[in-house]
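First up is the structure itself, then whatever we jot down about it.
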Amino acid sequence: MRRGSAGREPAGLRTSGAARAGQYLALLAYLVFLALPFLWLLSTAFKPARELGSLHPTWIPEQPTLDNFRQAFDEQPLLQAAANSLIAAVSAALIAVVIATPMAYVMARHRGRLATAATGWVVVSQAFPFVLVIIPLFLVLKNLHLINTLWGLILVYVVWSLPFALWMLAGYVRAVPAELEEAAAVDGAGRVRTLVSVVTPLLAPGIVATALFAFITAWNEFFFALVLLKTPEKQTLPVVLTHFLGAEGVADLGPLAAAAFLATLPSLVLFAFIQRRITGGMTAGAVRG
């Protein structure tokens, strides 16, 4: 009896193994679901016009070509649009991090009405749809003479990315031991010096992750750029991609896929770089909050 029971695998372990296998299968299915559009975009970008019009499309191009990339650069000012997107995204990310770092420190260290109100603003602001704020936002920027300017767009991106930046950095601040700040106070350091000399260096991974997330958000943003920027020379890359659609809504599929593939690469590379840091920041905020 003992030998038989010892050779048997416990039911709990069998159930746990089956649940884990199911989780891996679900994760694999989700990854395939996310990867299929990108793989199809990549395949389309390298297909010649003859294969794009085929009634029997294939995943792998039979005769790969770079003509779609050359045509995309010839038809639209992609480099200028990419430069505009880069200026807007980098500026918005840097400004958002500079503003959010001291605010996140206050939210994490001082429990009071201000911190509660700020937390409530973070939560509520994420529920606002773009179309709800675009008209008053347009009127405000018009009065400030910031319509059709990159600085107006940067201002919008900073305001829009601040709530998430605050929430994310507050999680990193809570992960910093308060004893370090107490030791700095004993040495005579004030709040500002403690934040700059003690807390901020320890927040470096969180600051980098937050800045890169704000960059990716601004780089991919389309709606605000479409409404606020009218001059073709000032339009960002997501807006310029819509120019590959004809007057009747017919897409120039090959060049569009090539340009979209190039526009997607920076986001993929940066997100692959920061995804572990983002997860760590969210976990820290959840555990210590």
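The values are calculated or read from the model by the stated rules, or taken from the named source; none is laboratory data. Since we're looking at a predicted model, the values are computed, not measured. Here the Cβ is made from the backbone with ideal geometry for all residues, glycine too, and neighbour counts use every protein chain on show. Accessible surface areas use protein heavy atoms only, side chains included; no ligands, DNA or RNA. Shrake-Rupley method; radii C 1.70, N 1.55, O 1.52, S 1.80 Å.
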Filtering the range 44-77 down to residues that are loosely packed, with under 15 Cβ neighbours inside 10 Å and part of a loop (DSSP other than H, G, I, E, B) yields Gly53, Ser54, Leu55, His56, Pro57, Thr58, Trp59, Ile60, Glu62, Gln63, Pro64, Leu66
Pair list, Cβ under 6 Å, 6 or more apart: the range 93-113 residue touching a residue at least 12 places away in the same chain (Cβ under 8 Å), other residue charged (D, E, K, R): Ala108/Arg174
Over the range 85-109, the set of residues within 22 Å of the chain's Cα centre (by Cα) and buried (at least 22 other Cβ atoms within 10 Å of the Cβ) is Ser85, Ala88, Ala89, Ala92, Ala93, Ala96, Val97, Ala100, Thr101, Ala104
Here's a check for you: in the range 110-145, which residue that is open to solvent by less than 60 Å² (accessible area, probe 1.4 Å) and over 13 Å from Phe224 (Cα atoms) is farthest from the chain's Cα centre (by Cα)? Gly112
Taking the conditions exactly as written (surrounded by fewer than 18 Cβ atoms within 10 Å (Cβ to Cβ) and of a type outside the set (Asp, Glu)), does Leu155 satisfy them or not? no
Kindly indicate the residue of the range 43-72 that is modelled with pLDDT of 85 or more and basic (Lys, Arg) and also nearest to Pro255 (Cα to Cα) among those meeting that condition. Arg70
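Could you name every one of the helices (runs of 4 or more DSSP H) located completely within the range 163-270 that has at least 3 residues being surrounded by 13 or more Cβ atoms within 10 Å (Cβ to Cβ) and in contact with a strand residue (DSSP E or B) (Cβ under 7 Å, 6 or more places away or on another chain)? First the steps, then the outcome.
Values: elements: 178-186, 191-194, 204-220, 223-228, 237-241.
In the range 163-270, there are no helices (runs of 4 or more DSSP H) which contain 3 or more residues that are surrounded by 13 or more Cβ atoms within 10 Å (Cβ to Cβ) and in contact with a strand residue (DSSP E or B) (Cβ under 7 Å, 6 or more places away or on another chain).
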For the list (1) over 19 Å from the mean Cα position of the chain (by Cα); (2) farther than 27 Å from Leu169 by Cα; (3) of a type in the set (A, V, I, L, M, F, W, C), I need the number of the one condition that Leu226 fails. (1)
